[in-house]
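Engineer: The structure that follows is given in the form of structure tokens.
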Amino acid sequence: MKLLVTGGLGFIGSNFVRLMLAKKRNVRIVNLDVKTYAGNPENLKGMAGAARHRWVKGDIADAKIVDRVMTGVDAVVHFAAESHVDRSIHDAGAFLKTNVIGTQVLLDSAKRHGIGRFVHVSTDEVYGSVAKGQSKEDDALLPNSPYAASKAASDLMARAYHVTHKLPVIVTRCSNNFGPYQFPEKALPVMITNWIDGIPFPLYGDGKNIRDWIHVLDHCRAIELVLRKGVPGEIYNVGGTASLSNKRLVEGVRKIMGVDRSLITPVADRLGHDRRYAVNCSKLYRLGFKHATTFDKALASTVAWYRENEAWWRPLKSKSGYKRYYKRNYKGLGKR
Ligand code: NAD
Ligand code: DAU
């Protein structure tokens, strides 16, 4: 089977590429990734089955390149995106270009090539903040951040191509991922790498926002299952096993790392900060999904991974672009 994976140099995409090549001997992967600040060939270094993988450097919004890599492909798994909420608050332009236009270009090309399956990797953020209960796949979409709005637009475009053109699209909506190779801009890798260096973690607002945490390999296993067994035209929520306030998450990591409370700095809140996400995953469980990892074990192994892989994250944090981003994002938030 020949797979086109987009965004396979990123956090989840690279974990998916590694998993598929290691577990499925008959899979070949073309990986279309333009290598933004978040794309990193180091994420695929030393992987099993590397000979069955080819990285093509290119933009998913570039119809020519997309058409070229689509040739002979059996299925598409589409991860490529601008993925960070904070960056979308500073500048939403790239989010619209990649997440909306890029997705439409891919869908068009997949239609022309008669692709057998197209998994669109969406997010639980499309539902917006849920005060109580859990979001179900047919709930209304009420995205709040520019990132979430761009993902909702692409999610609906994927659905439209199924309804209008009968393209066999399946959409997944996953909660917060954590694990190896996550770019140190998201909460957990910022926290862990800052604390390795004795630098405080800036905790937004009152720290009571709730996220549902899933290990990245469980997310990748869910995508593999949906690719095999999911029903075209359907949407599958993918949730984790730990629904935690940020305060509780911070405490959990603090205990594992043995750092002092003074290394938590409460800062002003993220603009438009969604209070709580929670997804109902009955549909995914009915396909036969079971989480393979427990949250506590996965969190401890993630902390260990960042401790053992300073050579992976230090170069990323020392780049001038990262330093500029960090300053801009946290500057002026001040202590709460
Ligand atoms: P990431 O930012 O780590 O990686 C994104 C990858 O896409 C990078 O390799 C980047 O180079 C590539 N890319 C960006 N723009 C591109 C373009 N125009 N053309 C080609 N490649 C491009 O993101 P991630 O955290 O791995 O997220 C992957 C996908 O999963 C995204 O669609 C995201 O919305 C979704 N998702 C993420 C999470 C999470 O917790 N991280 C949860 C649910 C869903
Ligand atoms: O829910 C799925 C989404 O999870 C994905 O679609 C996104 O791509 C992914 O980035 C993630 O979005 P969040 O905004 O929830 O993740 P982030 O790691 O940025 O933040 C997690 C929580 O921690 C959130 O409530 C904001 C808070 N936070 C984050 C950072 C970066 C802080 O308190 N301090 C920080 O410095």
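Engineer: Could you list, in sequence order, all residues of segment 126-179 that are more than 16 Å from ligand 1 (Cβ to nearest atom) and at positive phi?
Structural biologist: Hits for segment 126-179 are G133, K166.
Engineer: Applying the selection to segment 211-247, what residues are part of a helix (DSSP H, G or I) and in contact (Cβ under 8 Å) with a residue 60 or more places away in the chain?
Structural biologist: Residues satisfying the conditions are V216, L217, D218, H219, C220, R221, A222, I223, E224, L225, V226, L227.
Engineer: Condition test on S122, is it within 13 Å of ligand 2 (Cβ to nearest atom), within 16 Å of the chain's Cα centre (by Cα) and assigned to a helix (DSSP H, G or I)?
Structural biologist: no
Engineer: Continuing with the same structure: Give all pairs with beta carbons closer than 6 Å in which a residue from segment 70-99 that is touching a residue at least 12 places away in the same chain (Cβ under 8 Å) and under 20 Å from H120 (Cβ atoms) meets a residue that is within 14 Å of ligand 2 (Cβ to nearest atom) and of a type in the set (F, W, Y); count only pairs at least 6 apart in sequence or on separate chains.
Structural biologist: Close Cβ pairs (under 6 Å, with a partner that is within 14 Å of ligand 2 (Cβ to nearest atom) and of a type in the set (F, W, Y)) amount to E82/F95; V85/Y147; S88/F95; S88/Y147; F95/Y147.
Engineer: Let me ask something else. Of D206, D197, which residue is outside the structural domain of S14 (by TED's automatic domain parsing), surrounded by fewer than 22 Cβ atoms within 10 Å (Cβ to Cβ), more than 10 Å from ligand 1 (Cβ to nearest atom) and closer than 30 Å to R18 by Cα?
Structural biologist: From the options D206, D197, the qualifying one is D197.
Engineer: When only residues in segment 26-52 that are closer than 26 Å to R314 by Cβ and more than 10 Å from ligand 1 (Cβ to nearest atom) count, which is surrounded by the fewest Cβ atoms within 10 Å (Cβ to Cβ)?
Structural biologist: Once the filter is applied, the top-ranked residue is G46.
Engineer: Please determine, by comparing only the residues of segment 219-277 that are hydroxyl-bearing (S, T, Y) and within 16 Å of ligand 1 (Cβ to nearest atom), which one is surrounded by the fewest Cβ atoms within 10 Å (Cβ to Cβ).
Structural biologist: Only one residue tops the list, namely T241.
Engineer: Another question about this same structure. Considering only segment 61-85, state which residues are assigned to a loop (DSSP other than H, G, I, E, B), within 16 Å of ligand 2 (Cβ to nearest atom) and within 19 Å of I223 (Cβ to Cβ).
Structural biologist: Listed by number, the residues that qualify are F79, A80, A81, S83.
Engineer: Which ones in segment 278-320 are away from ligand 1 (no atom under 16 Å from the Cβ), within 30 Å of E137 (Cα to Cα) and assigned to a helix (DSSP H, G or I)?
Structural biologist: Hits for segment 278-320 are S282, K283, Y285, R286, D296, K297.
Engineer: Condition check: within 13 Å of ligand 2 (Cβ to nearest atom), among the basic types (K, R) and in the same structural domain as A304 (by TED's automatic domain parsing). Does K247 satisfy that?
Structural biologist: It is true that K247 is within 13 Å of ligand 2 (Cβ to nearest atom), among the basic types (K, R) and in the same structural domain as A304 (by TED's automatic domain parsing).
The values are calculated or read from the model by the stated rules, or taken from the named source; none is laboratory data. Just so it is clear, the model here is predicted, and its values are computed rather than measured. Backbone-built Cβ (ideal geometry, glycine too); neighbour counts: all protein chains shown.
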